[in-house]
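Comments concern the structure below.
The values are calculated or read from the model by the stated rules, or taken from the named source; none is laboratory data. Not measured: the values here are computed from a predicted model. Note: ideal-geometry Cβ built from the backbone for every residue, glycine included; neighbour counts use all protein chains shown.
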Amino acid sequence: MNRPDPKTYYLKTFGCQMNVYDSERMAEALARDGYRETTELDAADLVILNTCHIREKAAEKVYSDLGRIRDIKGAREKTGKSTVIAVAGCVAQAEGAEITTRQPAVDLVVGPQSYHRLPELITRATRERASIVETEFPGDEKFERMKAPRRVSSPSAFLTVQEGCDKFCTFCVVPYTRGAEFSRPVAKIEDEARELVRAGAKEIVLLGQNVNAYHGEGKGGRAASLADLIAQLARIDGIERIRYMTSHPRDMRDDLIAAHAEVPQLMPFLHLPVQAGSDRVLAKMNRKHTAAEYVDLISRIRKARPDIALSSDFIVGFPGETEQDAEDTISLIKAVGFAQAFSFKYSQRPGTPAAGHGEQVDEGIKSERLQRLQAVLDEQQVSFNARSLGGVVPVLFERKGREPHEFVGRSPYLQLVHAAGSGDLVGQTVNVAVNETRRSSLSGVIEAA
Ligand code: 5AD
Ligand code: SF4
């Protein structure tokens, strides 16, 4: 049975910024092939879920969505319309054909390294009745072969420079779902950054699962560090701001720390996950550093850039975590002082070393520890933001706000800032006098030019 080519797509993205970047690239490739985006599920000929496998909750959400989409596919079929359901991203990579067993309505399973083959796979899926599973690891091919003109939906644009991870933290699926570390060559990144600037980007956010391990091919075939890459990008006319994430403490080299003092475009913000503050837990997590080493690293970074805003990820309830371990994490938080942070209950991920650990922590204890930790982090975020009160911050406006004439942007420290203005401020960097601060945002008044 031949089905007509799908021409409208619905794309939902779960998880991290790397998935957001991949979704943007998929959307560009689909647009080039004549597809239109729709936000109505029941109007979509092609549904793509770009999924996340990092914690159980994220992965399970995909299956509940798929159930709903299967029903819509069934209803559309009754009116003579076909629907191709594709699962992309890390659940696709990790679970492969298991997905089509659990949800037979799925036509296509495609891993993150095979997105350049998406058009061809969709065509096959529309022709063949059997489900297609494509989860090879062909290395760097996708970047080379996903050449569609870059578009930007915001003045702050993501640019993936590195993928994969060789760190093998014992709780984490990334080394399995995204494979070994791979860095894109400097010249290719520069080309893409120029294209993004031409399309309207003012800020480039360099992405990688372990971005500070970046070691792409630079001038004369020599390996370039992330600091080298940043210095190179800072020379491009039109790039006003540069950020990068996510980094590992072990890869925070001196030249990158120095870049925070030397490169004006590099924003004073650093997401540097520590995960835990107990040396015992850090060792079991295979993080390869101690709490004291992290605190020392932070003081070296602050020496280079005293006003830097720090962010981290934390996991509570790692197998074997004791009350004392949980308190050690809180002590580390107090010793460092974070501007913001993400914190999660440990989630057992199939195939990772920690998942088989005998001493799993009770869910109730995890919830209690998470609350305690988040209360400290929230307090720190409130006081970090409060320090901006009465001051003036340069804000790069990214979008319109909900209120009439309201615009929303980011301070150099990644704080969300709301302000009212006339004309179109999106894409402009404007000084804002801060007159109100909350836990997760600031408000203020635009200063006369
Ligand atoms: N359980 C809970 N949190 C996890 N993370 C990674 N794996 C797990 C897991 N199994 C968190 C880490 C990481 C962030 C992206 O997600 O804190 O830095
Ligand atoms: Fe996962 Fe990050 Fe550890 Fe790599 S460094 S294994 S991505 S938590």
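Out of GLU190, GLU195, GLU163, one residue alone is at pLDDT 90 or above, touching a Gly at 6+ places or on another chain (Cβ under 8 Å) and in the same structural domain as HIS289 (by TED's automatic domain parsing). It is GLU163.
Table: residues versus (1) in contact with an Asp or Glu (Cβ under 6 Å, 6 or more places away or on another chain); (2) within 16 Å of ligand 2 (Cβ to nearest atom); (3) more than 24 Å from MET245 (Cα to Cα); (4) touching a residue at least 12 places away in the same chain (Cβ under 8 Å).
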residue: ALA283; (1), (2), (3), (4): no, yes, no, no
residue: ASP296; (1), (2), (3), (4): no, no, no, no
residue: ILE301; (1), (2), (3), (4): no, no, no, yes
residue: SER312; (1), (2), (3), (4): no, yes, no, yes
residue: PRO319; (1), (2), (3), (4): yes, yes, yes, yes
residue: ASP328; (1), (2), (3), (4): no, no, yes, yes
residue: TYR346; (1), (2), (3), (4): no, yes, no, yes
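Within segment 337-391, the residues that satisfy the criterion of being more than 15 Å from ligand 1 (Cβ to nearest atom) and at positive phi are GLY337, GLY390. Kindly establish whether ALA105 is modelled with pLDDT of 95 or more and of a type outside the set (Val, Ile, Thr). Yes; evaluated as a whole, the condition is true for this residue. On inspection, MET267 fails the criterion of being in the same structural domain as HIS357 (by TED's automatic domain parsing), within 16 Å of ligand 1 (Cβ to nearest atom) and either more than 30 Å from GLU323 (Cβ to Cβ) or buried (at least 20 other Cβ atoms within 10 Å of the Cβ) (or both). Selection within segment 150-167: residues that are more than 16 Å from ligand 2 (Cβ to nearest atom) and over 14 Å from the mean Cα position of the chain (by Cα). The member of this set that is surrounded by the fewest Cβ atoms within 10 Å (Cβ to Cβ) is SER153. Considering ASP328, ASP362, the condition of being over 17 Å from PHE171 (Cα atoms) and of a type outside the set (A, V, I, L, M, F, W, C) is satisfied by ASP328 alone. In segment 365-381, the residues that are within 17 Å of SER331 (Cβ to Cβ) and without any contact (Cβ under 8 Å) to a residue 60 or more places away in the chain form Cβ pairs under 6 Å with partners that are aliphatic (A, V, I, L, M) and assigned to a helix (DSSP H, G or I), at six or more places apart or across chains, as follows: ARG369/ALA326; VAL376/ILE330; VAL376/ILE333. Taken over segment 235-270, the criterion of being more than 21 Å from GLN209 (Cβ to Cβ) and more than 22 Å from the chain's Cα centre (by Cα) is satisfied by ARG235, ILE236, ASP237, GLY238, ASP254, ALA258, ALA261, GLU262, VAL263, PRO264. Could you go through segment 240-263 and let me know if any residue there is more than 22 Å from TYR413 (Cα to Cα) and loosely packed, with under 15 Cβ neighbours inside 10 Å. Scanning segment 240-263 turns up no residue that is more than 22 Å from TYR413 (Cα to Cα) and loosely packed, with under 15 Cβ neighbours inside 10 Å. Answer yes or no as to whether LYS57 is over 22 Å from GLN348 (Cα atoms) and away from ligand 2 (no atom under 16 Å from the Cβ). Answer is no for this residue. For segment 278-327, filtered to residues that are crowded, with 20+ Cβ neighbours inside 10 Å and among the acidic types (Asp, Glu), the residue that is nearest to ligand 1 (Cβ to nearest atom) is GLU321. Does at least one position in segment 391-414 carry a residue that is crowded, with 19+ Cβ neighbours inside 10 Å, within 26 Å of the chain's Cα centre (by Cα) and in a helix (DSSP H, G or I)? No, segment 391-414 contains no residue that is crowded, with 19+ Cβ neighbours inside 10 Å, within 26 Å of the chain's Cα centre (by Cα) and in a helix (DSSP H, G or I).
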